[in-house]
Amino acid sequence: MFVLVEMVDTVRISPWNFHRQLNEAIAEELNKKLANKVVYNVGLCICLYDITKLEDSYIFPGDGASHTKVHFRYVVFHPFLDEILVGKIKYCSQEGVHVTMGFFDDILIPPESLQQPAKFDEAEQVWLWEYETDEGAHDLYMDQGEEIRFRVTDEVFVDTSPTGPATAATDAPAQPGQSTAPPTEDSGEKKEAPYTLIGTICEPGLGLLSWWNS
């Protein structure tokens, strides 16, 4: 679930922090920059583990701060595929069951990965499993806040770096009185999560029947 990732970065230390130990000041700056941030194709950064190497520090003309190239290891949340994790249901939607681990919320279990047969209750806004027994079918609801186990089957990274203004569909100049603003629907575009885990509900043999039984 958690891995150590070796990284290299150049850290800027402001002059008013020169009285502090260099390692201490660098550690604080690295955590300010990376903690609780998603690094593309790396994972969710948690905290600095250690600093392995400090190169020479430089002060450049026009900038009183020091700049130090730092080699360090960072604790990153990046589960491997097929790893089994425990989380709680955050909410349900037509897309599937959304799961949270407390510090990480972007986990989705799509409908085809739920226990089958499953259906979505529009009135209650929850997914339910039509569990077959000798006495007939029982609807077992996947309620918000319930703890579940799931297996990681895929991961999706999205580059959310800022981009320039969208290019116009045509190079033709705007006519007098014609608005040059982007379409209004673009402004309401849903933001994508930078890092999403896709999972599947674990088999009942892994202990999930105790969660579904009421």
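The values are calculated or read from the model by the stated rules, or taken from the named source; none is laboratory data. All values reported here derive from a predicted model rather than from experimental measurement. Positions of Cβ are backbone-derived with ideal geometry, glycine not excepted, and every protein chain shown enters the neighbour counts. When the accessible area is computed, the model is the full protein with side chains, heavy atoms only, and any ligands, DNA or RNA have been set aside. Shrake-Rupley method; radii C 1.70, N 1.55, O 1.52, S 1.80 Å.
Quick one: which of 23, 41 is at pLDDT 90 or above, open to solvent by 30 Å² or more (accessible area, probe 1.4 Å), touching a strand residue (DSSP E or B) at 6+ places or on another chain (Cβ under 7 Å) and not in a loop (DSSP other than H, G, I, E, B)? I'd like the intermediate steps shown before the answer.
Details: 41 fails: not in a loop (DSSP other than H, G, I, E, B).
When all the criteria are applied, what remains is 23.
Here are the criteria: (1) in a strand (DSSP E or B); (2) under 27 Å from the mean Cα position of the chain (by Cα); (3) loosely packed, with under 15 Cβ neighbours inside 10 Å; (4) among the basic types (Lys, Arg). Tell me which single one residue 33 does not satisfy. If we test residue 33 against (1) in a strand (DSSP E or B); (2) under 27 Å from the mean Cα position of the chain (by Cα); (3) loosely packed, with under 15 Cβ neighbours inside 10 Å; (4) among the basic types (Lys, Arg), just (1) comes out false.
What is the residue count in the stretch 70-114 for residues that are over 30 Å from residue 58 (Cα atoms) and touching a residue at least 24 places away in the same chain (Cβ under 8 Å)? Show your work before the answer.
Restricting attention to the stretch 70-114, the residues satisfying the condition of being over 30 Å from residue 58 (Cα atoms) are 77-114.
Next cut, touching a residue at least 24 places away in the same chain (Cβ under 8 Å) only: 77-94, 96-97, 99, 103-104, 106-110, 113-114.
Residues flagged as over 30 Å from residue 58 (Cα atoms) and touching a residue at least 24 places away in the same chain (Cβ under 8 Å) within the stretch 70-114 amount to 30.
Only one entry of 108, 85 meets the criterion of being open to solvent by less than 10 Å² (accessible area, probe 1.4 Å), within 24 Å of residue 192 (Cβ to Cβ) and part of a strand (DSSP E or B), and that entry is 85. When each of 63, 56 is tested for being in a strand (DSSP E or B) and more than 15 Å from residue 144 (Cα to Cα), the lone residue that passes is 56. Evaluation of residue 63 against the conditions (1) open to solvent by 50 Å² or more (accessible area, probe 1.4 Å); (2) under 26 Å from residue 35 (Cβ atoms); (3) over 16 Å from the mean Cα position of the chain (by Cα) shows that the sole unmet condition is (1). Considering only the stretch 111-159, how many residues are assigned to a loop (DSSP other than H, G, I, E, B) and either hydrophobic (A, V, I, L, M, F, W, C) or in contact with a Lys or Arg (Cβ under 9 Å, 6 or more places away or on another chain) (or both)? Qualifying residue count for the region: 7. As for the stretch 59-82, it holds at least one residue that is over 30 Å from residue 27 (Cβ atoms) and not aliphatic (A, V, I, L, M). Among residues of the stretch 67-82 being hydrophobic (A, V, I, L, M, F, W, C) and in a loop (DSSP other than H, G, I, E, B), the one that is farthest from residue 200 (Cα to Cα) is 80.
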